[in-house]
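The values are calculated or read from the model by the stated rules, or taken from the named source; none is laboratory data. Because the structure is a prediction, the values reported are computed rather than measured. Glycine gets a Cβ as well: all are built from the backbone with ideal geometry, and neighbour counts include every protein chain shown. Ligands, DNA and RNA are excluded from the accessible area calculation, which covers all protein heavy atoms including side chains. Shrake-Rupley method; radii C 1.70, N 1.55, O 1.52, S 1.80 Å.
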Amino acid sequence: MSPNDFVVRGAEIADGTGAPRYRADVAVRDGRIAGIGERLDDAVTIGAAVIDAGGLVLSPGFIDMHAHSELAVLADHDHLAKLGQGVTLEVLGQDGLSYAPVDDTTAPQMREAIAAWNGRPEVDADWRTVGEYLDRLDRGIDGRGIPVNAAYLVPHGTVRMLAMGWDDRPPAPAELDAMRAQVVQGMEAGAFGLSAGLSYTPGMYADTAELVALCEVVARYGGYFGPHQRSYGAGAMEGYAEMIRIGREAGCALHLAHATLNYEVNAGRAAELLKLVDEALDEGVQVSLDTYPYLPGMTMLAALLPSWSLAGGYGALRERLQDPGTRARIVHELDVTGTDGANGVPGHWERYEIAGVANPELRGYVGRTVAEAAGEQRPAEFYLDLLLRDDFGAGLLMHVGNEENVRAIMRHRVHTGSSDGVLAGDKIHPRAWGSFARYLGHYTRELELFSIEECVAHLSGRPAAVLGLNDRGLVKEGYAADLVLFDPATVDARSTFAEPRRQAAGIPYVFVNGALSIDDGHRTEALAGRSVRRPRG
């Protein structure tokens, strides 16, 4: 028997389908579920370790449909942010910006462009293609693997940068062909689809036709399009309608990333978004979405800038910010008209909180709003100065959400869970460490928006179906033993905005591919995660 073979005795099983819980024993052998029942065959139990469930719920491991852990899983052995709350699979390559495919020119540009999300950990980034990055995940830390499993989306902005740099224009035919070829390579290597960041440069320079052309490639492979759409503020409904149009015209499955509606302009408008989704589903468009269970959002501070100011990259932006006339134009857009980067809403500087900085000398600003930190200086001017002083590495918390919208969207039949967890920075969003436990604690036990079985399905079986996985996401014989034991009476997020790096409560056991990774709440030495690649056929 393998040292990872075990039997869970007397668990209340929420199997990931949403069906009522039932009591049974579960045997795991060679990393897979070998038997489920009251009396299991001796062949799968003799010699196996026994874990007494003792009133705990056994569920599939949770799937984070929107994660930013591309470097963290290669640098952080413990990865308690995710393992501690029961996440056993993360979907990486989000928001159209990630680390593959790249070349020798774009690799360092990408490291700097998203340092506010991922930091600058010391990782041997010896890959260039998507396939090489997935191989690097399989090798993992010191050749032993990674803490959790990881899937990947081909990032549109990275592909566009590789084909045509940071230019604000439509691609030439040869450039579009080059982009399509990169998507083919990524899908062939095992990516699950294409992500996009349409309020980030250079992805925001793409028009609908460009995205349809790339999604047609994704559709041929049975993958999905996962966009961060153009606006979650003033143009939110138009942005969602465009994404649905892309899915329809390309014949491609659509998964709306961190689906939300922010700012006062969208208060109480969730029903309008869900009507768009339902109408598309009725037409036969394959649509799903994910959310995180918090009101504030988080991104890079530079994301608030108008897209035109970032054309050509950060070097060109630095020159523009030092030109008085151009700088005055940017300030006017930030404060008066609202930039496309800031969702078309004039600056809410009293709600924009500085979440982290790259320059240690600027840490005194962390945890303060831009308005507070600016003092007597105009907030927009202070904001631009801070970007320059921090070499565009600062992070941002945006306190602009709406609880009514959050609750309505998370109850929808195609909803899945996510964290959108940014792990780097001085003051990160607590969603990185708490989203899945908050779903089970706050929204299920306290508010009773879900039954336990329903919530587990949102976090496991349903996202596995979106990914097209046929051996994960359920407690089912033959499936990979990605499993979680949690206490329904105590499970909850302990991370807060004041203390965001606190391990979730009430999740004493987590298994990744059958390896005990969290034991009685404590991290083990296991590194059992690997890349998960899109199933063929």
If the Cβ limit is 6 Å and pairs must be 6+ apart or interchain, which residue in the range 267-286 that is more than 17 Å from M410 (Cβ to Cβ) pairs with which residue that is assigned to a helix (DSSP H, G or I) and open to solvent by 50 Å² or more (accessible area, probe 1.4 Å)?
V285/R248
I need every pair where a residue in the range 116-137 that is modelled with pLDDT of 95 or more has its Cβ under 8 Å from the Cβ of a residue that is among the β-branched types (V, I, T), sequence separation at least 6 or different chains.
R128/V102; V130/V154; L137/V73; L137/I146
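Out of A236, A311, A303, A316, report the one residue that is in contact (Cβ under 8 Å) with a residue 12 or more places away in the chain, more than 30 Å from L469 (Cβ to Cβ) and either touching a strand residue (DSSP E or B) at 6+ places or on another chain (Cβ under 8 Å) or acidic (D, E) (or both).
On inspection, the qualifying residue turns out to be A303.
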Pull up the range 493-514, narrow it to residues that are under 30 Å from G190 (Cα atoms) and open to solvent by less than 10 Å² (accessible area, probe 1.4 Å), then point me to the one that is farthest from the chain's Cα centre (by Cα).
G514
Among the residues of the range 468-508, the number that are within 22 Å of R431 (Cα to Cα) and not in a loop (DSSP other than H, G, I, E, B) is 6
Say we look at the range 428-470 and pick out the residues that are free of Cβ contacts under 8 Å to residues at least 60 places away in the same chain and acidic (D, E); which of these is surrounded by the most Cβ atoms within 10 Å (Cβ to Cβ)?
E446
Residues that are open to solvent by less than 10 Å² (accessible area, probe 1.4 Å) and in contact with a Gly (Cβ under 8 Å, 6 or more places away or on another chain), at least 3 per element: which strands (runs of 3 or more DSSP E) completely within the range 1-119 meet that?
22-29, 62-64, 87-92
From A236, A213, A196, residue being within 15 Å of L92 (Cα to Cα) and not aromatic (F, W, Y)
A196
Looking only at residues that are open to solvent by less than 40 Å² (accessible area, probe 1.4 Å) and of a type in the set (A, V, I, L, M) in the range 475-492, which one is nearest to D15 (Cα to Cα)?
V475
Output for the range 396-419, where each listed residue is in a loop (DSSP other than H, G, I, E, B) and open to solvent by less than 10 Å² (accessible area, probe 1.4 Å)
V400, S418, S419
